[in-house]
Each structure stands twice: as C-alpha cells, then as structure tokens.
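A short worksheet on the structure shown next.
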Amino acid sequence: MAGPSLRPHVHWAQRHRELYLRVELSDVQNPDIAITDNVLHFKAQGHGAKGDNIYEFQIEFLEPVEPKPICRVTQRQLNITVQKKESNWWERLTKQEKRPLFLAPDFDRWLDESDAEMELKEKEEEKINKVKIESRVPKDPFKHLKKGYLIMYNLVQFLGFSWIFVNMTVRLFILGKGNFLNKEIHLFSKMVSCLTDSFYDTFHTIADMMYFCQTLALMEIMNSLIGLVRSPLIPAVVQVFGRNFILFVVIGSLEEMQSKPVVFFIFYFWSITELFRYPYYMLSCIGIEWKPLTWLRYTTYIPLYPLGGLAEAVCVIQSIPIFSETGKFSLGLPNPLNVTIQFSFLLQIYLIALFLGVFVNFRHLYKQRKRHLGPKKRKMK
C-alpha cells in the first residue's frame, strides 16, 4: 500500500499576466491538477525528496486566476502555468501571509516588478515595431500571379529537358540493341559502330526541343533583372548565353558539326543537370524543400559542370577548322585596311571565356552548396 501523501518542493515566479510553478518531481504519473474557487489542487505519483510516493498540495492564490492551468511534464520535473485574471504584480503568491514551507521562489525565472515591467515594455515595443514594419511593406497584388508564373516556367522546362533526356536514353539503347543482335566477328568494331549510329542524328531528333528550352531560358535573365527571383544575374547570364552560343552558332549554323558525337554529350549533360534544377526551384516556389532533391541539385553539378564545359570546349575546337575553311561569320574590314577578322580566331578567345564561365558558375554553386548542405555551426557553450 502507498504511504501517506507528501508535499513536493514547489518553486514559483510571476509575470504581469502569468504565474509559473515548478514542481520538483521526476517520473510523474497520473497528475491530477485543477483550480476550483481560486485554489490550485495538485496530486500525483512521482519521485521526489521522499522517494516514490503520492505527493499533493494546495495553494490558494492571492488574487483571482483563470480556472484552466497549463501543465507540461518532463522526465525531471512538472511545470504549471496559470493565467492571472487581471494583469498586475502580486506582492506574494498565496492568500495567507506566511509562505508555506514547501514553496520557494524560482530564482532561475525570478524578476522583480521593475524588471518585469521592462520585459513587458520590450515585448510591446517589439510587437509595435513588427506591426510598423509589416505596414510599411506594401502588399504585392500580383504575388500569386508571379508565383504561378514561376511554377509554370519551371514545370515546362522540367518537362522539356525530361523529354530530351528520356528520348536520348531510349534511342541509345534501342539503336545499340539492334546493332548488337547482328552477331559478327568484330565485336568491338560493332560496339563502336552502334554508338556512332545512336550519336549520328542526335541533333536532328532533339534540336527543336533544345531550341525551345534554351530560348525559353532567356527568361531566367529577365526574372533576375526585374527581381522576380533572388538569383544573382551574372551566373544566369554566363550559363544562358554560353549555352545558346554553342547551340545556335557553333552547332546550329554548321551542318558538319550536327552529326558529331560531341553533340550527344553536350545535350545529355545539359539535360541531366536540369532534371534536378527545375524541380528544386518549382518546389521552392511553394515553400517545399525535399532533402534528397536538394542534395541532388547541389551535388550532381560537381561532375556535370566540368564534363559539360569540356564537351563544349571539344565542340568549339572541332568547329574552328570548319569556320576557317568556310570563312563563315568572318568580318572583312573595308579598304585601305583590307583585313579580315576570322571568326575562328574569336572562337579561340571564346575558349578562354568558356572555362572562365565554368569557373564562375562552379564557384557560385559551391557557395550555394555550403549554404544548403554545409555543417551547421555549433553554438559555443
């Protein structure tokens, strides 16, 4: 049978609107807490100063309080919050002048009246300042329209690059399988042949969709310029104009380049990168962060950006002899200078700019990766 009920140690503190009671009981079970006729009744099974037992006490408050206390039980103690009916400072907790022996001030939360008034004043000032700041910020009547536009833009780009990626992958395996079924002696040469066949018409099959996606990507520069997104302008300009230069000028203007295997690798690396980038931004528009997608967004670029830059550089190098031979886009200055600026020479300069652009974007994404995936700073104890 349980022994006689005992009183636990209770510590108290107050604010103008609240009373805080901390009951020194651990492993509390079945707490029975109620306020009737302005008297707090407490009874619970727990481990206190006298070991495991039933502990109970009553407190008749000095002034009226709300009849519904808030109780929070932890493994080491039990906390009770009681709301005062009127916001004022009490000279003591109990109606009886002599403080009960089991009751003591909670010095961890204790404030005198002047400190409490200062705290209350600071909270009120903080609330007023928050209201003032919110009132100064004009409400954007086009907020939902902008969000809808960004969601649709990222969704369309995701679907476009997904189509490119799936189409190229399927064609690669289907064409490869078809060639491997023709069993002949030179297996290695057939392997090379099947890959060449699958690379040969990449541009003619994929170009229209890639033209559409990369033209639409110009909106990313506009979004950054008008402040629709918080992305920095320079990385967006470097990526969009760099890709469009390769697509429209180097590959699109030379039929000799359109059948080269390097086109397949350029399109493939571009599409894989965007498979994670656009869904990440689309979910960000509605305040959703999916951690696996965030990791993929800020990790896959580590191999893909250098590989994509290398493929673009190979494409430029392969196009230089063709531009030199055809004289396409070369600029002939009028007499008496009689000088021709070869476009192939400009491409050699562009190679330097290409690697600088890869470095700029890689550095930007590295900073973003540290911010999103880097270790959180620990607070000093």
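Okay, here's what the table says:
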item	result
Any hit, segment 110-120, residues being loosely packed, with under 13 Cβ neighbours inside 10 Å, hydrophobic (A, V, I, L, M, F, W, C) and modelled with pLDDT of 75 or more	no
Segment 301-334 - residue that is outside any helix (DSSP H, G or I) and in contact with a helix residue (DSSP H, G or I) (Cβ under 6 Å, 6 or more places away or on another chain) and, of those, most open to solvent (accessible area, probe 1.4 Å)	329
Helices (runs of 4 or more DSSP H) within segment 133-229 that include 1 or more residues surrounded by 15 or more Cβ atoms within 10 Å (Cβ to Cβ) and modelled with pLDDT of 90 or more	143-180, 202-216, 218-225
Selection within segment 278-289 - touching a helix residue (DSSP H, G or I) at 6+ places or on another chain (Cβ under 6 Å) and at pLDDT 90 or above	278, 279, 280, 281, 282
Segment 243-271, residues that are surrounded by fewer than 21 Cβ atoms within 10 Å (Cβ to Cβ) and part of a helix (DSSP H, G or I)	243, 244, 245, 248, 249, 255, 256, 257, 258, 261, 265, 269
Residues of segment 3-29 satisfying the condition of being out of contact with any helix residue (DSSP H, G or I) (no Cβ under 9 Å at 6 or more places or on another chain), open to solvent by 70 Å² or more (accessible area, probe 1.4 Å) and either modelled with pLDDT under 85 or over 9 Å from residue 46 (Cα atoms) (or both)	4, 7, 9
Some residue of segment 88-100 being more than 16 Å from residue 25 (Cβ to Cβ), part of a strand (DSSP E or B) and in the same structural domain as residue 25 (by the TED database)	yes
Selection status of residue 374, loosely packed, with under 13 Cβ neighbours inside 10 Å, modelled with pLDDT under 85 and within 23 Å of residue 248 (Cα to Cα)	no
Output for segment 348-376, where each listed residue is in contact (Cβ under 8 Å) with a residue 24 or more places away in the chain and among the β-branched types (Val, Ile, Thr)	358, 360
Test: residue 295 is without any contact (Cβ under 8 Å) to a residue 40 or more places away in the chain and under 29 Å from the mean Cα position of the chain (by Cα)	no
Selected residue (only one of 296, 365 is open to solvent by less than 60 Å² (accessible area, probe 1.4 Å) and at pLDDT 90 or above)	296
Candidate set from segment 330-362 (those that are at pLDDT 85 or above and farther than 27 Å from residue 235 by Cβ); member that is farthest from the chain's Cα centre (by Cα)	342
Residues (assigned to a helix (DSSP H, G or I) and open to solvent by 70 Å² or more (accessible area, probe 1.4 Å)) located in segment 272-292	291
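The values are calculated or read from the model by the stated rules, or taken from the named source; none is laboratory data. All values reported here derive from a predicted model rather than from experimental measurement. When we count neighbours, we look across all protein chains shown, and the Cβ atoms used for this are built from the backbone with ideal geometry, even at glycine. Calculation scope for accessible area: heavy atoms of the full protein, side chains included, ligands and nucleic acids excluded. Shrake-Rupley method; radii C 1.70, N 1.55, O 1.52, S 1.80 Å.
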